[in-house]
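A short write-up of the structure that comes next.
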Amino acid sequence: MTLSAAAALLDVEWEHRMSNRLKSTAALAAVLISIVADNASSAETARIFWKDLRPATQPAAESVGLPMIAAKMPDRGETLSLNLQDKTVQLAGYALPVDREGDLVYQFLLVPWTGACSHMPTPPPNQIVLVTPSRPHRMSEAYQPVSVTGALEPGMEKSQLFLLDGASVIQSGYAVRKAEVVDVDVVPDTITQPANSPWRFLNKKKN
């Protein structure tokens with residue numbers, strides 16, 4: 001092999017090694033960017049509770065008597081939290097279908113406790129979220145516990161809810177559109193009906 005041929009062979013080998021090194025560096029950079037993006041996304045999602053959707057002066061959502069108390073308030077529970085406007089939040093509650101086809105639900109009301117709007121009095125608007133899933137969510141029964149993630153939009157909206165004894169118009173104070181919805185086992189800030197409550201039979205649906 002001549003000297004020039006050997007030099008050419010070394011050049012080819014050097015270029016091959018450099019090419020592989022650049023590919024490895026690019027792959028590593030892509031992985032790091034993905035991790036950073038995921039972490040940033042997680043950091044931007046705020047886990048909230050029902051109390052965060054109401055003024056501090058309003059009784060807690062965990063109170064069984066909240067619907068009756070809110071009805072007597074000057075604003076009837078319509079004061080909304082604008083601090084969370086357009087922020088990506090995660091909130092757990094119970095899903096009450098508004099638009100469904102079989103077991104596929106296209107829109108539902110997220111409420112703080114089982115039986116709300118149906119067997120029990122309707123919560124105030126600032127304790128109801130109108131949710132439109134990014135894809136139809138499969139639901140076997142009403143009041144299925146779910147966790148909803150998406151941009152929170154304060155604003156009064158009315159939805160027609162079809163019940164066994166007829167239709168009812170429900171006003172919600174918030175909406176989450178294109179929401180990610182997953183089933184959960186527990187709603188952290190739910191309530192348990194007291195032993196003397198006519199709706200205590202709803203407690204079993206929390207498990």
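Odds and ends about this structure:
- Residue list for region 111-165, filter: of a type in the set (Ser, Thr, Tyr), within 13 Å of the chain's Cα centre (by Cα) and assigned to a loop (DSSP other than H, G, I, E, B): Ser134
- Candidates are the residues of region 103-146 that are under 28 Å from Ala56 (Cβ atoms) and of a type in the set (Val, Ile, Thr); the one that is most open to solvent (accessible area, probe 1.4 Å) is Thr122.
- Pairs, first closer than 12 Å to Asp99 by Cα and in contact (Cβ under 8 Å) with a residue 24 or more places away in the chain in region 120-144, second open to solvent by 40 Å² or more (accessible area, probe 1.4 Å) and hydroxyl-bearing (Ser, Thr, Tyr), C-beta under 7 Å, six or more apart: Pro136/Tyr106
- Condition met for Arg177 (modelled with pLDDT of 95 or more and not in a strand (DSSP E or B)): no
- Qualifying residue in region 78-85 (condition: under 23 Å from Gln58 (Cα atoms), charged (D, E, K, R), touching a residue at least 24 places away in the same chain (Cβ under 8 Å) and in contact with a Gly (Cβ under 8 Å, 6 or more places away or on another chain)): yes
- Residue that is out of contact with any Leu (no Cβ under 7 Å at 6 or more places or on another chain) and under 27 Å from Asp86 (Cβ atoms), where the choices are Val146, Val176, Val129, Val186: Val146
- Residues located in region 57-97, provided they are small (Gly, Ala, Ser) and either modelled with pLDDT of 75 or more or over 21 Å from the mean Cα position of the chain (by Cα) (or both): Ser63, Gly65, Ala70, Ala71, Gly77, Ser81, Ala92, Gly93, Ala95
The values are calculated or read from the model by the stated rules, or taken from the named source; none is laboratory data. A quick note: this is a predicted structure, and the numbers were derived from the prediction, not measured. Note that each Cβ is placed from the backbone with ideal geometry, even for glycine, and that neighbours are counted across all protein chains shown. The protein model used for the area step is the full one, side chains on, heavy atoms only, and it has no ligands, DNA or RNA in it. Shrake-Rupley method; radii C 1.70, N 1.55, O 1.52, S 1.80 Å.
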